[in-house]
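Here is the structure we will look at, set down as structure tokens.
What follows is calculated from the coordinates using simple rules that are stated; it is not laboratory data. Values in this document were obtained by computation on a predicted structure and should not be read as measured data. We place every Cβ from the backbone using ideal geometry, glycine too, and count neighbours over all the protein chains shown.
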């Protein structure tokens, strides 16, 4: 795009987004009872958001009068975000520690908490403290390179169960914790072919992000999953296998769209997280949960919506498998 003041042809879409909201919708479509704690303005954008929030509970949102609901505009070319412009600060600032404390009963009754890195450090700490009090698991999604290190305040990173930074966010965490980060071009050079196992293994031995990940597992006994998303290269996963009490590292290939055209990558990571988490909450194993996450990410790539309605079908399959599993277990006794 040239900065010449001209007008250019394109397509404009309005849709709901936001990391926490995307997770809430995806988990809701996958059959999980989900509540979104957020803030909205008293405006038409908030009304639009409510009309689109049919699969999760948004009734506990803080209504911040006098400010606009959080808005983000992206310029996409061939499905990839080229520029992004956000107006979210005022709305996010109204998600205060005091507001969160008022929702302690909801937190106490939940099975799992997903934190959006847009929140203030104090609000993140309040959620972590309440989760620890009520023995709840927490997933931290860093959201942005400028916000990735918020989780380090008061050693909150040592109290979470899962974290899912992208490569740039992981690099920021590495540097903040004293590790040498890895240039993304090095990931591209060494992980472009997952079949070359010797090359991949040798490269991973020297990746600072992995050293950081393994050290986090040693320091945080609650930590179970670190997913470093690498765009078209897939995901670098680090997992604590409770069965063997070993921490394992492995690359997760990207989902294949086959002959279908990728429409937008926005939301794919959120859908992977939600698919993985929903599968875990249904009681499925780690490997199957990863596959469910990949399937959800693939569905997101094929639509303009960050969270596609087709996740409903995946949710139905998860529930069917759960019923079948419970029935089988019952027959064994």
Would you mind telling me the antiparallel percentage of the DSSP bridges in the chain, rounded to 5?
60
Given the convex hull over the Cα atoms of the stretch 148-274, what projected area results after averaging over all orientations, in nm²?
8.7
Which value in Å does the Kirkwood hydrodynamic radius of the stretch 26-174 take, with 1/r averaged over all unlike C-alpha pairs and then inverted?
16.5
The stretch 197-333: Kirkwood hydrodynamic radius (Cα pairs, Å) comes out at 16.4
Where Rh denotes the Kirkwood radius from the mean inverse Cα pair distance, what is Rg over Rh for the stretch 1-114?
1.03
Going fewest to most other Cβ atoms within 10 Å around each Cβ, 77, 151 line up as 77, 151
Kindly rank 33-42, 282-291 from highest to lowest mean number of other beta carbons found within 10 Å of each residue.
33-42, 282-291
Translational diffusion coefficient of the stretch 244-286 at 20 °C, 1.002 mPa s, Stokes-Einstein with Kirkwood Rh over Cα pairs, in µm²/s as a whole number.
165
Length gain on complete extension for the stretch residue 206 to residue 218, per 0.36 nm per residue less the alpha carbon to alpha carbon distance?
2.5 nm
Pairwise FRET efficiency - residue 12 versus residue 33, Cβ, R0 = 35 Å, nearest 0.05
0.55
Computed over all unlike Cα pairs, the Kirkwood hydrodynamic radius of the chain in Å stands at 20.9
Computed helical MRE - 222 nm, the chain, DSSP H runs ≥ 4 contributing -39500 (n - 2.57), nearest 500:
-12500 deg cm²/dmol
Packing-based exposure ordering (other Cβ within 10 Å, fewest first) of 135, 294
135, 294
Proxy reagent accessibility, fewest Cβ within 10 Å first, across 245, 155, 43:
245, 155, 43
Taking only the C-alpha atoms, wrap a convex hull around the stretch 222-296 and report its volume per residue in Å³ as a whole number.
94
Antiparallel versus total DSSP beta bridges in the stretch 27-85: what percent is that, nearest 5?
55
Report the relative contact order of the chain, percent, no decimals, based on alpha-carbon pairs under 8 angstrom and at least 6 residues apart.
15
Considering only the stretch 47-139, percent of DSSP beta bridges that pair antiparallel, nearest 5:
70
Can you run the Rg to Rh ratio on the stretch 104-175? Use alpha carbon positions and the Kirkwood inverse-distance Rh.
0.96
